Amino acid sequence: MTNPRARSLRLRLLQETKWPANAELWFCPCLNPMGFVLNRRENDLGIDLNRQYRHLETAETRAHIAWLERQPQFDLCFCLHEDWESHGFYVYELNPENRPSRAEAMVATHRGSLPN
C-alpha cells in the first residue's frame, strides 16, 4: 500500500537537486511495476519483491540483480521507498563487513529537518 506523503517527499528530493556537483547518480525508479499499478508491495503474482533478493525466484528481482552486476561498484546506495508500517524515517543499513555503523549519526544529523 503506497503512502502519498512518502511519495511526495521522494519527489521533492529529486526536484530540489541538492546533490554535490561531482556526484554521479543512478536511479531505478520502479522495480515493481505491477505492484505500482496495483498499489501494493507484491507483484501481480502476489509475491513481495522486497523479500526476494536472497532467493531470486521472480523475474523482476532476477532482472534487477543482473542489471546491478553489470554496473560499476557503487560508493553509496539509498533505497527510497515508503514503509506503511513505520512512522518517520529510519536507516536500514546493510553492513556485511561489520564496519562501524553510521546510521544513528545520519538520522541524528537530519532529525530536525525531516518530518516525524
*asked:* The conditions are (1) surrounded by 10 or more Cβ atoms within 10 Å (Cβ to Cβ); (2) at pLDDT below 85, and residue 1 fails exactly one of them. Which is it?
replied: (1)
*When both residues are 6+ apart or on different chains and their Cβ atoms are under 7 Å apart, which pairs have a first residue that lies in segment 87-106 and is at pLDDT 85 or above, and a second that is of a type in the set (Asp, Glu)?*
101/93
*asked:* Can you find, within segment 69-84, the residue that is most open to solvent (accessible area, probe 1.4 Å) among those that are at pLDDT 85 or above and among the charged types (D, E, K, R)?
replied: 70
*Are there any pairs with C-beta distances below 6 angstrom linking a residue in segment 45-56 that is without any contact (Cβ under 8 Å) to a residue 12 or more places away in the chain to a residue that is of a type in the set (D, E, K, R), with the two at least 6 apart or on different chains, and if so which?*
48/41; 48/42; 56/62
*Mind listing just one residue for me: the one in segment 28-48 that is more than 22 Å from residue 11 (Cα to Cα) and hydrophobic (A, V, I, L, M, F, W, C) and, of those, surrounded by the most Cβ atoms within 10 Å (Cβ to Cβ)?*
47
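The values are calculated or read from the model by the stated rules, or taken from the named source; none is laboratory data. Just so we're clear, the structure is a prediction, and the values are computed from it rather than from any experiment. Positions of Cβ are generated from backbone atoms using ideal geometry, with glycine treated the same way; all protein chains shown enter the neighbour counts. Heads up: the accessible areas ignore ligands, DNA and RNA and are worked out on the full protein's heavy atoms, side chains in. Shrake-Rupley method; radii C 1.70, N 1.55, O 1.52, S 1.80 Å.
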